[in-house]
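Data block below; observations after.
The values are calculated or read from the model by the stated rules, or taken from the named source; none is laboratory data. All values reported here derive from a predicted model rather than from experimental measurement. So basically every Cβ, Gly included, is an ideal-geometry build from the backbone, and we count neighbours across all protein chains shown. All accessible areas refer to the heavy atoms of the entire protein, side chains included, with ligands and DNA or RNA removed. Shrake-Rupley method; radii C 1.70, N 1.55, O 1.52, S 1.80 Å.
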Amino acid sequence: AACDRVTRPIDIWVAEDAERFAAGFPEANPMSEWAAGVTFLAQQRVILRAHGSAMLTLDETFDHELAHVLAHTYTQGDGRSVPRWFHEGLAIWQAGEGLLQRLETAMKAASSGHLLTYEELAGSYPNQGTRVEIAYAQSALFVKRMVLEKGPLAVIGILQDTGRGIDFRSE
């Protein structure tokens, strides 16, 4: 049903190099240094690195960003109704990204006492530095656990509820 809510075309830009990738951002952003793809809904734009990243292929990056477009569109795109960790975990799950590297990252962070608190994930999701990979890892594992415990329809239920204005619940 999210596809029905997309009312304008979304431009997909594939950047051949890091400079072109950064140039596609509407304003300077530290994510241009490390991200493989970014969605800018206000500009109706998705920017992808032509060669993906060490963790993701171009196809996986496209699927990841498409999940962001659909989830934001479905939840009315206000950026507040669903926390970023859920959006990132959903995109990782929907794109079918492998969880082994994410699990390894989370395990290293846990063993060294560097896991992020729920408040850090829900409030000020990191977008630069070493905590970025930890945030993505924890987000992926949270959503994967939800899907394993409650089934994939739980994810759809959250999107439907928040799209109707019901507060996000992280149970």
Exercise for review: Please verify whether the stretch 94-101 includes one or more residues that are open to solvent by 30 Å² or more (accessible area, probe 1.4 Å), in contact with a Ser or Thr (Cβ under 6 Å, 6 or more places away or on another chain) and not in a helix (DSSP H, G or I).
Suggested key: no
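So, in the stretch 126-167, how many residues would count as being in a loop (DSSP other than H, G, I, E, B) and modelled with pLDDT of 90 or more?
Filtering the stretch 126-167 for residues in a loop (DSSP other than H, G, I, E, B) gives 126-130, 151, 164-167.
Pick out the ones that are also modelled with pLDDT of 90 or more and you get 151.
Total satisfying the criteria: 1.
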Review point. Which one of the conditions (1) at pLDDT below 90; (2) open to solvent by 10 Å² or more (accessible area, probe 1.4 Å) does Phe62 fail to meet, given that it meets all the rest?
Key: (1)
Practice item. Return a yes/no flag: does the stretch 65-72 have any residue that is open to solvent by 20 Å² or more (accessible area, probe 1.4 Å), closer than 26 Å to Thr7 by Cα and either in contact with a strand residue (DSSP E or B) (Cβ under 7 Å, 6 or more places away or on another chain) or among the basic types (Lys, Arg) (or both). Key: no
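For every residue, the table says whether it meets (1) touching a residue at least 12 places away in the same chain (Cβ under 8 Å); (2) within 13 Å of the chain's Cα centre (by Cα).
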residue: Phe62; (1), (2): yes, yes
residue: Leu66; (1), (2): yes, yes
residue: Leu70; (1), (2): yes, yes
residue: Val82; (1), (2): yes, yes
residue: His87; (1), (2): yes, yes
residue: Gly96; (1), (2): yes, yes
residue: Ala106; (1), (2): yes, no
residue: Ser112; (1), (2): no, no
residue: Leu116; (1), (2): yes, no
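Of these, Ser81, Ser112, which one is closer than 24 Å to Met55 by Cα and open to solvent by 10 Å² or more (accessible area, probe 1.4 Å)?
Working: Ser81 fails: closer than 24 Å to Met55 by Cα.
Selected residue: Ser112, the only one of Ser81, Ser112 that is closer than 24 Å to Met55 by Cα and open to solvent by 10 Å² or more (accessible area, probe 1.4 Å).
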